[in-house]
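Visitor: The structure under discussion is supplied below as structure tokens; questions concerning it will follow.
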Amino acid sequence: MNMENQRKKTSGRKKIEIKKLDKQTSKQVTFSKRRQGLFKKASELCVLCGAHAAIVVFSPADKLYCFGQPNTDTILDSYISGTTEFGDLKSAGNSQNYEEYNKQYEEALKMLELEKKKLADAENLARFWNTNDWWNDSIDYMSSDQLEQFMVSIYELRRKLIEKADEHVMKLNM
């Protein structure tokens, strides 16, 4: 197969012009996404290099967002006092050190992504179930995507039925 045929047909990510956004909703969405990326990069920098960092950001809606390793107050106090002494990091509010906080943060991000995926799957399933008489539709005319979604729905229905049956059996045995 030729390399030309294997190339991606989409335009991919494009560089955007950096200028102030006009729409308030666009500002809020962009702020939220960029803030998450900024905090993630700062966390990675702290983990990789053992650096201490603090970021204080006000949203377009004037809400305060902070990030700090080991914590924001410790970093700001050190900056104001003109020292690089961070004292006993365990006294910064908890007995866990900042590496553990970073691990917890990364784990929380992973869990958030999993929950977002579960939500999207549930919404897709709900859309499919809300169509009228899906069980009467002929599968002969379904596309492969529709067939796949149909099978997912059938397996999900089966799983839920088994769960409900197990719950009823457990109630009866109590």
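Visitor: Just give me the residues in the stretch 36-82 being in contact (Cβ under 8 Å) with a residue 60 or more places away in the chain and of a type in the set (Gly, Ala, Ser), in sequence order.
Guide: Going residue by residue through the stretch 36-82, those that are in contact (Cβ under 8 Å) with a residue 60 or more places away in the chain are 40, 43.
Answer for the stretch 36-82, where residues must be in contact (Cβ under 8 Å) with a residue 60 or more places away in the chain and of a type in the set (Gly, Ala, Ser): just Ser43.
Visitor: Continuing with the same structure: In the stretch 134-154, which residues are of a type outside the set (A, V, I, L, M) and modelled with pLDDT under 80?
Guide: Trp134, Trp135, Asn136, Asp137, Ser138, Asp140, Tyr141, listed by residue number.
Visitor: Then there's this: Run down Thr30, Thr83, Thr72 and say which single residue is polar (S, T, N, Q), loosely packed, with under 13 Cβ neighbours inside 10 Å and out of contact with any Phe, Trp or Tyr (no Cβ under 9 Å at 6 or more places or on another chain).
Guide: Sole residue among the options that is polar (S, T, N, Q), loosely packed, with under 13 Cβ neighbours inside 10 Å and out of contact with any Phe, Trp or Tyr (no Cβ under 9 Å at 6 or more places or on another chain): Thr83.
Visitor: Among Tyr101, Tyr65, which is hydroxyl-bearing (Ser, Thr, Tyr) and modelled with pLDDT of 85 or more?
Guide: Step by step, each of Tyr101, Tyr65 is checked, and only Tyr65 is hydroxyl-bearing (Ser, Thr, Tyr) and modelled with pLDDT of 85 or more.
Visitor: Would you tally the residues in the stretch 1-45 being aromatic (Phe, Trp, Tyr) and modelled with pLDDT under 85?
Guide: Residues meeting the conditions: 0.
The values are calculated or read from the model by the stated rules, or taken from the named source; none is laboratory data. Fair warning: this is a prediction, and the values are worked out from it, not measured in the lab. Every residue, glycine as well, gets a Cβ built from its backbone with ideal geometry; the counts of neighbours run over all protein chains shown.
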